[in-house]
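Step one of this worksheet: look at the structure below.
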Amino acid sequence: MHDGLRPALHEAGGVVPFMKAMAGGGTVGGIGHEKFNTLWNRQENEDWLKDQFRAVSPNMHEWIPSNQIQAIVDKAKTSHEGPNWIDLHNELRSPTSHVIFHPAASSHEAPDGTLVLHGHVGAIYLGSTPQIKAQGTFHDELRETFLSAPDVATAVEGLKTVMKKWVWDGSPLPKPLSGALKDSMGRPIDAQALMADRSAHFTDMHTMFDALKAKYGQKRPGK
Amino acid sequence: MATAADSSKTHAETTLELHDVSEASLPDVRARLLANAATLRRVSLVQPGFARPLDLTDLPWHMLARLRNLSLQRFQVPASLLAHPTLESLRLVTCPIVGAESVHVGPSLTALELVDCNPEVATLHVDGPALTSFVLSQDEDAAESNFATVRFACPGLQALRFRAALAVDLVFVGPFPALAAANIQLQAGAYGGPVVDVSAAESAALLAAVAPFAAP
């Protein structure tokens with residue numbers, strides 16, 4: 001990791017203010033936007049910055065994936081919505097344990113014919129093995145949706161659509177759950193309790209998307 | 001509409017850089033690789049965006065007999081590519097690695113970087129005699145699989161960076177006389193710490209670096 005990044009983030013007051021400084025044309029600890037772009041292109045710097053961003057709210061899933069930090073800074077720098085993009089990136093998070101995929105999006109059948117659900121890494125386990133089939137594709141859809149959005153409101157709506165496509169809403173399952181499934185704390189899963197939890201979390205996610213769209217999605221000046 | 005050929009740069013048929021490879025242009029790309037197989041020394045291919053990795057598993061990589069530097073982004077590749085006999089530098093980004101239970105890195109390889117590659121290979125033997133730099137970075141948002149074991153036996157190693165979201169066994173077979181503590185980074189993700197078996201590492205620096213991760 002580049003020696004200057006740690007003191008720069010310290011001087012800025014954290015990774016989120018650092019991102020806002022980069023987007024706003026500022027220089028922190030000798031790092032301005034141009035140097036930030038150069039540093040980002042080294043994998044170890046990107047990895048470290050992603051870790052700092054995740055550490056703002058540990059054990060959360062970022063609906064705009066963490067490797068979009070540079071893209072968020074660019075959008076904030078060039079968009080009339082400015083730092084709203086960065087605040088959206090920071091606040092659009094859900095507990096990782098809540099991101100369990102709908103069985104139609106990703107699941108598999110155990111040898112005994114029961115259903116094994118998949119989700120975000122850290123959400124659901126079979127024994128001690130995380131069940132994460134297609135989570136790369138899930139994150140790619142989020143990235144593509146975010147990058148193609150011209151404004152915050154469109155981005156939030158698009159990301160919400162991806163959420164609704166992928167996340168299990170607690171609706172009835174096509175077959176019984178595998179008895180070997182464990183939750184993020186390593187506890188056996190009770191199917192009925194899980195369905196109730198999923199339904200509540202799905203509603204919470206809806207509410208969060210709508211609230212952040214209202215908070216950070218601005219109309220264009222003059223429109 | 002731009003094609004892969006439009007945006008490419010060729011230098012006396014020794015270099016091929018294509019930064020907009022797509023499913024539609026892939027047949028042309030394969031043809032160019034094979035047509036210049038005898039002379040190509042440097043190849044860099046990027047599939048931009050977030051489409052599924054394009055399949056290059058059946059390309060006869062061994063026919064690129066002078067290939068020194070290879071960088072690929074979003075292509076599925078065979079595990080045997082890591083063992084290519086003339087490669088000196090290999091960088092794979094979001095490239096699923098398939099087709100073998102275990103693989104040894106090539107004898108000429110000096111730098112190997114694997115980023116978000118989701119290998120379906122059980123054991124990676126990092127035992128190239130020329131290897132000086134190894135990087136494996138697996139982000140939690142991309143992780144769907146990892147090597148079960150990575151076995152280091154490369155006395156020329158100078159820099160090691162390993163960042164894995166999923167659990168993996170790291171086995172060190174020393175010595176590593178050129179490896180300085182300042183150039184070692186081992187990091188577990190939140191979803192499985194690496195279990196390290198320091199079987200014969202004689203480097204005090206390496207031992208100090210891996211000790212915090214040693215299995216109880």
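For the listed peptides B:122-133, A:133-144, a ranking on the average number of other beta carbons within 10 Å per residue, highest first, reads A:133-144, B:122-133. Once each part is reduced to its C-alpha centroid, what is the distance from the stretch A:156-223 to the stretch A:1-45 in angstrom? Each part's Cα centre sits 33 Å from the other's. Each residue of the stretch A:211-217 was assigned a 3J(HN,Hα) from its phi angle through the Karplus expression (A = 6.51, B = -1.76, C = 1.60, θ = phi - 60°), giving 5, 6, 5, 5, 6, 10, x Hz with x at Gly and Pro. Across peptide A:63-70, the mean count of Cβ atoms from other chains lying within 10 Å of each residue's own Cβ comes to 1. Remark: C-alpha extents of the stretch A:74-116 on the principal axes read 55, 18, 12 Å, sorted largest to smallest. For the stretch B:45-67, the residues whose amide N sits under 13 Å from a probe point set 7 Å from the Cα of A:GLU144 along the beta carbon direction are B:48-54.
Helices in chain A, meaning DSSP H runs of at least 4 residues, each add -39500 (n - 2.57). Divided by all residues, the mean residue ellipticity at 222 nm is -15500 deg cm²/dmol.
Estimated translational diffusion coefficient (Stokes-Einstein, Kirkwood radius over Cα pairs, 4 °C, 1.567 mPa s) of the protein assembly as shown: 55 µm² per second.
Averaging over all projection directions, the Cα-based convex hull of chain A occupies 13.1 nm² in the image plane. Take the Cβ atoms of B:ALA130 and A:ASP169, set R0 to 60 Å, and the FRET efficiency comes out at 0.65.
Near the amide H of B:PHE152, within less than 5 Å, lie the amide hydrogens of B:VAL126, B:VAL171, B:PHE172, B:VAL173, all on another chain or at least 5 residues away, with H placed in the peptide plane.
Over all residues in A:44-54, what is the mean tally of Cβ atoms on other chains that come within 10 Å of each residue's Cβ?
Values: counts 5, 0, 3, 9, 3, 0, 4, 5, 0, 0, 3.
Mean inter-chain Cβ contacts per residue within 10 Å come to 3.
Put a dot 7 Å past the Cα of A:SER128, heading toward its Cβ, do the same for A:ALA55, and the two dots end up 2.7 nm apart. Each part reduced to its alpha carbon centroid, the stretch B:138-163 and the stretch A:113-150 end up 22 Å apart.
Taking other Cβ atoms within 10 Å as a rough exposure proxy, A:MET185, A:MET22, A:MET195 sort from fewest to most as A:MET185, A:MET195, A:MET22. The long axis of helix A:152-166 is offset from the longest Cα principal axis of chain A by roughly 20 degrees. Couplings 3J(HN,Hα) of the stretch B:163-180, computed from phi: 9, 10, 7, 9, 5, 7, 8, 9, 10, 10, 10, x, x, 10, x, 9, 8, 8 Hz, in residue order, whole Hz [Karplus 6.51 cos²θ - 1.76 cosθ + 1.60, θ = phi - 60°; x for Gly and Pro]. Under 5 Å between amide hydrogens, built in the peptide plane, is the criterion, and for A:LEU177 it picks out A:LEU115 among residues at least 5 positions away or on other chains. Inter-chain neighbour count for B:142-151: the average number of beta-carbon atoms from partner chains within 10 Å of each residue's beta-carbon is 3.
Label-to-label distance, A:HIS108 versus B:THR86, with points set 7 angstrom from Cα along the beta-carbon direction: 3.9 nm. Along the stretch B:150-158 the Karplus relation, 6.51 cos²θ - 1.76 cosθ + 1.60 evaluated at θ = phi - 60°, assigns HN-Hα couplings of 10, 10, 9, 8, 9, x, x, 4, 10 Hz to successive residues, with x for each Gly and Pro.
Under 5 Å between amide hydrogens, built in the peptide plane, is the criterion, and for A:GLN218 it picks out A:VAL152, A:ALA153 among residues at least 5 positions away or on other chains.
Coordinate-derived values only; no laboratory data. Note that the structure is predicted; figures quoted are calculated from it, not measured. We place every Cβ from the backbone using ideal geometry, glycine too, and count neighbours over all the protein chains shown.
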